[in-house]
Amino acid sequence: MSSTIQPHNLRAAAVWSRGGKAYDEISRGIADAIEHCVLRLDPQPIERVLDLSTGTGWTSRLVARRGATVVGADIAEDLLEAARARAIADGLDIEYRLADAERMPFGDGTFDAVVSTFGVMFAANPEAAASELARVVRPGGRMALSTWAPDGTVFGMFRVMRAYMPEPPSPAPPSPFAWGRPERVRELLGEAFDLRFESGTSFYREPSPQAAWHTFSTGYGPTRTLYENLDDERREGLRNDFIAFHAGFANDLGICVPREYCITIGTRR
């Protein structure tokens, strides 16, 4: 892995891998937003498409079912292993590659289109990731991103976890939620792409707030890793606060959390 993943991203790779095959439940919770992004990308059967930060491959499977040739790339080997197994089970021919979004093992203009659903936004170096994303798309090719809003409910969930994390270094690393602002996306990708935007809301449903905790504490690498590294008292505090946050979206049938996001569509210049 060390020759593929840059040293400063090795810890992040290990964190995201902690979700394993259970990460597919995280993708299930955002399936409506993934469908939205793939719809706007509109992949064609003759195209070669990169699903960047594929996770367990939910987006790549949608694209493959539309007939495109798909490569799924991710920093987390355990997620890729689950993606491969799921693609085989579904009878889909998808290539999965271990790859660092900030230094991808693909040639210039390799792909007709690149899609990333709530993935590339978590790259440690946004400028490097944006440059690489643009590099691997051919002139006239397309890009589709879905990114969480900077002040939405997913940001609120991260604030719950933030209270249990160590103090960030100074200066603090860039926030992944900045990718949810069109002006920031224009800064990162506006020179390489003609950009268009559309807002959306995903609805995360579970039978109970406790079920949401189970989904994230088992399948979402950042939550699972955080929980495992706390002492018993702080573990209980995180669990209780996470459940209480989701309980704020309870209804007669369970919980339904509206999650605001931005779709970016770009055409490569």
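A few comments on the model shown:
- Members of segment 85-98 found to be under 20 Å from residue 29 (Cα atoms) and not hydrophobic (A, V, I, L, M, F, W, C), listed by number: 86, 90
- Of all residues making up segment 251-269, the number that are over 30 Å from residue 133 (Cα atoms) and surrounded by 14 or more Cβ atoms within 10 Å (Cβ to Cβ): 3
- Unmet requirement for residue 213, which otherwise passes all of (1) in contact (Cβ under 8 Å) with a residue 40 or more places away in the chain; (2) surrounded by 16 or more Cβ atoms within 10 Å (Cβ to Cβ); (3) not polar (S, T, N, Q): (1)
- Matching entry among 137, 120, 154 (being closer than 29 Å to residue 199 by Cα, touching a helix residue (DSSP H, G or I) at 6+ places or on another chain (Cβ under 6 Å) and among the aliphatic types (A, V, I, L, M)): 120
- Options 50, 80: the member that is assigned to a strand (DSSP E or B), hydrophobic (A, V, I, L, M, F, W, C) and in contact with a strand residue (DSSP E or B) (Cβ under 8 Å, 6 or more places away or on another chain): 50
- Of the criteria (1) out of contact with any helix residue (DSSP H, G or I) (no Cβ under 8 Å at 6 or more places or on another chain); (2) surrounded by fewer than 19 Cβ atoms within 10 Å (Cβ to Cβ); (3) acidic (Asp, Glu), which one residue 108 fails: (1)
- Residue in segment 153-160 that is assigned to a loop (DSSP other than H, G, I, E, B) and among the hydroxyl-bearing types (Ser, Thr, Tyr) present: no
- Matching helices (runs of 4 or more DSSP H) fully within segment 196-269 where at least 2 residues are over 25 Å from residue 24 (Cβ atoms): 232-247
- Test: residue 91 is surrounded by fewer than 22 Cβ atoms within 10 Å (Cβ to Cβ), on the phi > 0 side of the Ramachandran plot, assigned to a loop (DSSP other than H, G, I, E, B) and modelled with pLDDT of 95 or more: yes
The values are calculated or read from the model by the stated rules, or taken from the named source; none is laboratory data. The structure displayed is predicted, hence computed values, not measured ones. A quick note on method: Cβ atoms are made from the backbone with ideal geometry, for glycine too, and the neighbour counts reach across all protein chains shown.
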